[in-house]
1. Over all distinct Cα pairs, what is the inverse of the mean 1/r for the stretch 104-155, reported as the Kirkwood hydrodynamic radius in Å?
2. With 24 Å as the limit, write out which pairs from 90/112; 71/95; 56/76; 69/112; 76/166 have Cα-Cα distances beyond it, or answer none.
3. Mind jotting down the three principal axis lengths of the stretch 47-169 based on Cα atoms? Whole angstrom, largest first.
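Please treat every number below as a calculation from the coordinates, not as lab data. Note that the structure is predicted; figures quoted are calculated from it, not measured.
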Amino acid sequence: MEVSLLSLSSSQNLTLKPSTNPLFHFHPSKRSKPPPTHIRAAISRTKKEETVDTVKTHLENCHLIAAIKYKGFTVKQFQDLRRSLPENTKLIVAKNTLVYKAIEGTQWEALKPCMSGMNAWLFVHTEEIPAAIKPYRNFQKEKKLEENDFAGAVFEGKFYAPGDFKALESMPTRAEIYAKLLGALQGSAIGLVGTLQAPARDLLMVLKAYAKKLEDESGQ
């Protein structure tokens, strides 16, 4: 087999021309350009609108909203806190301006004193307020987060400052309220039965006194 070698004299120069084959056409590396300003603004606006919509969704069937100072929280602490909360309590992080935009014109607008600093927002969807607040109190104590206290809350349209939280945390449960109501009704029933079992003369005197009271009130 014969092999032919191409020999170039020292006086000849080897010139390489750019290849016209697209498979061998290389481009210098270029950094990707950021999207135009108007696209970035549109994305930012969309995210803000989504945040406002999320807050409005959490307002449905909500009984209490509380602001928590979360500055200094680690990601793990925040995740652990979320896992410790009951299902009927939601915790989100959102800018104060966006939260206020969602609650403006509603009873939750009373949260306005909390619109400063870095806040996480606790949405309670149950009437059992003490049970909803307790998990954060336990978490706060366990992690020694004294500085990360409640910044305030709104319950039934009323604002509760940090110093007022004892009133929320000591509220009676629904079961306790029902027990007290039942006791009051039983007491009234016993009093009514006692009156009916009294002698007719005493009952007549009670009725006459009541009738006189009505006459006096109508004559005034």
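1. Every distinct Cα pair counted, the radius reaches 12.6 Å.
2. Too far apart for the 24 Å limit: 56/76; 76/166.
3. For the stretch 47-169, the Cα extents along the three principal axes come out at 37, 32, 26 Å.
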